[in-house]
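Below: the structure, in structure tokens.
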Amino acid sequence: MSNLQTIVKWIIDNWFEISGAIGMIVTGASIIVKLTPTLKDDNAFLPIVKFIAKFIALNTNAPDERPK
């Protein structure tokens, strides 16, 4: 088996754990953003939210900037 086939097989075999880890990371980051009073972490989290909204989630309306 080539390296690419090995990687794809590993992803398919472990997809449940990978998706759970992604969900936990997003949930943890969202909690941190909501609990901190500064906007600096909100702006740092925006590219992650845009990526998830565009490529992973069914929501196609990714925000262009942080809501005011």
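Taken together, the values in this text are just the output of simple stated rules run on the coordinates, not laboratory data. Computed from a prediction, not measured in an experiment: that's the story for all the values here. Neighbour counts are summed over all protein chains in view; Cβ atoms, including those assigned to glycine, are modelled from backbone coordinates with ideal geometry.
Below, the figures for the structure above:
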quantity	calculated
Cβ-Cβ FRET estimate between Thr38 and Glu17, R0 fixed at 22 Å, reported to 0.05	0.10
Length released on extending from Thr6 to Ile52, taking residue separation times 0.36 nm less the Cα-Cα span	14.0 nm
